[in-house]
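Okay, structure first, notes after.
What follows is calculated from the coordinates using simple rules that are stated; it is not laboratory data. Bear in mind the structure is a predicted one, so any value in this text is a computation, not a measurement. Ideal geometry is used to build each Cβ from the backbone, glycine not excepted, and the neighbour counts take in all protein chains shown.
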Amino acid sequence: MTTEIHSIPKEVAEIKVSYSTTSTPKIKITTVNKAFEVLLSLWDLDTIELQEEFKVLLLNRANEVLGIYPLSKGGITGTVVDSRLIFAVALKCNATGILLCHNHPSGNLKPSDADITLTRSIKKCADFLDITLIDHLIITKNGFYSFSNEGKLS
């Protein structure tokens, strides 16, 4: 039996991991109303009724906001959501919780079948990675639908 030793090509970059936080106070999400308030403040109210967007609020163990990730912008009736990107960002941020949010330009807060299926799929991934899916909000200028409040996250 022969063992071959291959050298690593110089074109392969070494992956480096670093992590730091700031000492600035963080917003704490304590209620679904607070989550809606924070998310709505991060939305462009001039386009909330024009095109659908999907954003992810990333949280630490104390439900403090680490940041927001604008995942996608779509058209009038939908946008693309790639769960791999959601969890790539969550893991890179060392988030222990995520809160999903998208708008319905129509103003209708009722979740579509696609919204429900997507939320279930993301919940399975989150459970596997030990990341808490805190909620999924559908928002408009005037209100929100909470999957958590409606018992749709179990």
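Mind checking which of 118, 57, 137 has the largest fluctuation in a GNM of the chain, springs on alpha carbons under 10 Å?
Its mean-square fluctuation being the largest, the pick is 118.
Count charges around residue 54 for me, please; just the other residues with Cβ under 13 Å from its Cβ, Lys/Arg as +1, Asp/Glu as -1. Can you show the working numbers first?
Values: positive: 55, 73; negative: 52, 53, 82, 115.
Here the charged neighbours net out to -2.
Could you compute the longest span of the chain free of trypsin sites (Lys or Arg not before Pro) located in DSSP loops and having at most 13 other Cβ atoms within 10 Å, not counting the site residues? Before the final figure, lay out each step's value.
Values: sites that count: 10, 16, 61, 141.
Result for the longest clean stretch: 62-140.
What would the Debye formula give as log10 I(q)/I(0) at q = 0.13, 0.21 Å⁻¹ for the alpha-carbon point model of the chain, no solvent?
Log-scaled intensity ratios, in q order: -0.62, -1.43.
Cα to Cα, under 15 Å, and not fewer than 8 places away if on the same chain: which aspartates and glutamates meet these conditions relative to residue 28?
Within reach: 37, 64, 135.
In a Gaussian network model over the chain where Cα atoms closer than 10 Å are linked, find which of 76, 98, 29 has the largest mean-square fluctuation.
76
Identify all lysines with a Cα-Cα distance to residue 110 below 23 Å; exclude those on the same chain that are fewer than 8 residues away in sequence.
Candidates past the 8-residue exclusion: 34, 55, 73, 123, 124, 141, 152.
Please identify which residues in region 55-97 have an amide N closer than 12 Å to a label point set 7 Å out from the Cα of residue 141, following the Cα→Cβ vector.
none
Top mean-square fluctuation among 79, 140, 31, Gaussian network model of the chain, C-alpha springs under 10 Å?
31
Taking only the C-alpha atoms, wrap a convex hull around region 100-154 and report its volume per residue in Å³ as a whole number. Write out the running numbers ahead of the final one.
On the way: hull volume 3.9 nm³, N = 55.
Dividing the Cα hull volume of region 100-154 by its residues yields 71 Å³.
Determine the distance separating the Cα centre of region 20-68 from the Cα centre of region 69-103; give it in Å without decimals.
Result: 12 Å between the Cα centres.
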